[in-house]
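Chemist: Before I ask anything, here is the structure I am working with.
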Amino acid sequence: MTHTNSEGAAQQPLFLRQKRIHKLPETIHNLSSGTIIRIGVPAANNRVMLHKLGFPAEMEVGQAVLPSHTLGPISRRNAQGWDIVHRDRPKEQAFRQYEWCWEQFCGRDQTETVCRVVEVPYWRYPRTSVPPPSIELFLSNDNDGNMIALAPTFRIGTDEEATLKHTINLFLELFGECHVFYADLSALVFSRSVKLNWTVLPQGKQLWINLLPSLEPILNIAKPRNRIVIRSRVEFINRYEPTFVAVGRAGFSGYLVFGFPERHLFFLESIYTNNATYVLGESWEQISQLSKAEILNDRLHRYRFVHRADWESKVAELLLPASDHDVFEALAA
């Protein structure tokens, strides 16, 4: 796609083909402050990769997706964030949860296997979690009808330089190339965004035995030693009969939402370790249109329950009728 500058001369978008950049190209640095740019690639040449990212076989203008985190280190950081490990500080105590099983005597010459989830303390260097940039790709057309996969807009001269460099490197990792559009963006045709990050399972309260087959592919992404613990958490939330369950796709893979719209509560659960359950108060329609960074933002979630020994009691406190709290405490004791 060709643009024209203010004098009417033809102006080609900047084209990059390399593995990675360590700093922004001079062409971008020399753009006037306030210039709006977008990073993109032609869809026609990259349909196989776009499908791997999470777009359907039948791609349409307006579709948007958070790229899958399985395609390289930059796409993983983009979808999941990362930890800064502070090796210059003293170690601190942290906790892991495991399933502990033992043989219990239950009668003459008879035993049974009994299992429960336990916490195991360990020591590690302190770490600071960096939230994911959550750069999503959108499908657009140019005036010639050519489909383009684009990142969100960036404005030169703002504090977005690090995110812009990350976005360029994301495209280079995924496609091996990218175009930088920075003039006459009106030549790009946009429509209402339709995000493809979630699949809502058949609505209605479902018994665990009926829900489990739909969740098994997600639970199996977790490391084998963590699957039982994660499965027990998901099963526990489902006991309270959510109205719907939504499964994350592409870059949201491994995330589940249990919706209780009548209570205005939506539980975001993850299969990844060292995570937490986020309880959101927004409507599902709003949540499904948000980026992962927005969903995990402190200003959005109402509660954040770290996966510790008191996790079940905190979930029950929100979902149990007040009259049942004493019964639950007695059972948990």
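The values are calculated or read from the model by the stated rules, or taken from the named source; none is laboratory data. This is a predicted model, so every value here is computed, not measured. Here Cβ is always computed from backbone atoms with ideal geometry, including for glycine, and neighbour counts include all displayed protein chains.
Chemist: Could you list, in sequence order, the residues of the range 227-248 that are part of a helix (DSSP H, G or I) and either of a type outside the set (Phe, Trp, Tyr) or free of Cβ contacts under 8 Å to residues at least 40 places away in the same chain (or both)? Steps first, please.
Modeler: Residues of the range 227-248 that are part of a helix (DSSP H, G or I), as a first pass: 227-238.
If the condition is that a residue be part of a helix (DSSP H, G or I) and either of a type outside the set (Phe, Trp, Tyr) or free of Cβ contacts under 8 Å to residues at least 40 places away in the same chain (or both), then ARG227, ILE228, VAL229, ILE230, ARG231, SER232, ARG233, VAL234, GLU235, ILE237, ASN238 are the ones that fit.
Chemist: Still on this model: Any idea which of (1) touching a Lys or Arg at 6+ places or on another chain (Cβ under 8 Å); (2) under 27 Å from ALA64 (Cβ atoms); (3) charged (D, E, K, R); (4) exposed (fewer than 14 other Cβ atoms within 10 Å of the Cβ) is the one GLU241 doesn't satisfy?
Modeler: The one condition GLU241 does not meet is (2).
Chemist: Given the criteria outside the structural domain of ILE228 (by TED's automatic domain parsing) and touching a residue at least 60 places away in the same chain (Cβ under 8 Å), does PRO67 qualify? Break it down stepwise before answering.
Modeler: Details: outside the structural domain of ILE228 (by TED's automatic domain parsing): yes; touching a residue at least 60 places away in the same chain (Cβ under 8 Å): yes.
It is true that PRO67 is outside the structural domain of ILE228 (by TED's automatic domain parsing) and touching a residue at least 60 places away in the same chain (Cβ under 8 Å).
Chemist: Against the conditions (1) farther than 11 Å from ILE271 by Cα; (2) buried (at least 17 other Cβ atoms within 10 Å of the Cβ), where does VAL229 fall short? Just the number, please.
Modeler: (1)
Chemist: Any idea how many residues of the range 24-49 are modelled with pLDDT of 90 or more, touching a helix residue (DSSP H, G or I) at 6+ places or on another chain (Cβ under 9 Å) and in a helix (DSSP H, G or I)?
Modeler: Final tally of qualifying residues: 2.
Chemist: So THR158 ticks every box in (1) among the polar types (S, T, N, Q); (2) in the same structural domain as PRO56 (by TED's automatic domain parsing); (3) crowded, with 18+ Cβ neighbours inside 10 Å; (4) over 17 Å from GLY40 (Cβ atoms) but one. Which box is left unticked?
Modeler: (3)
Chemist: Please go through the range 213-226 and pick out each residue that is part of a helix (DSSP H, G or I) and buried (at least 17 other Cβ atoms within 10 Å of the Cβ). So that I can check it myself, show each step before the final result.
Modeler: Initially, the range 213-226 is screened for residues part of a helix (DSSP H, G or I), giving 213-219, 224-226.
If the condition is that a residue be part of a helix (DSSP H, G or I) and buried (at least 17 other Cβ atoms within 10 Å of the Cβ), then LEU215, ILE218, LEU219, ASN226 are the ones that fit.
Chemist: I've got another one for you. Return the residue satisfying two criteria in turn: it lies in the range 249-285 and is in a loop (DSSP other than H, G, I, E, B) and among the small types (Gly, Ala, Ser), and of such residues it is nearest to ARG308 (Cα to Cα).
Modeler: Result: GLY254.
Chemist: Now, a different point. Restricting the range 276-294 to residues that are under 30 Å from PRO224 (Cβ atoms) and surrounded by fewer than 18 Cβ atoms within 10 Å (Cβ to Cβ), which is modelled with the lowest pLDDT? Steps first, please.
Modeler: Looking only at the range 276-294, we keep the residues that are under 30 Å from PRO224 (Cβ atoms), and these are 276-280, 292-293.
Imposing the further condition that a residue be surrounded by fewer than 18 Cβ atoms within 10 Å (Cβ to Cβ) reduces the set to 276, 293.
Values: ALA276: 87, ALA293: 81.
Once the filter is applied, the top-ranked residue is ALA293.
Chemist: Can you tell me which residue is farthest from ASN169 (Cα to Cα) among those in the range 43-75 that are crowded, with 17+ Cβ neighbours inside 10 Å and not hydrophobic (A, V, I, L, M, F, W, C)?
Modeler: The extreme case among them is GLN63.
Chemist: Working only within the range 251-268, note down all residues that are touching a residue at least 40 places away in the same chain (Cβ under 8 Å), farther than 13 Å from ILE237 by Cβ and surrounded by fewer than 23 Cβ atoms within 10 Å (Cβ to Cβ). I'd like the intermediate steps shown before the answer.
Modeler: Our first condition is that a residue be touching a residue at least 40 places away in the same chain (Cβ under 8 Å); within the range 251-268, this holds for 251-253, 256-257, 260, 263, 265, 267.
Going one step further and asking which of them are farther than 13 Å from ILE237 by Cβ, we end up with 251-253.
Correct list: SER253 only.
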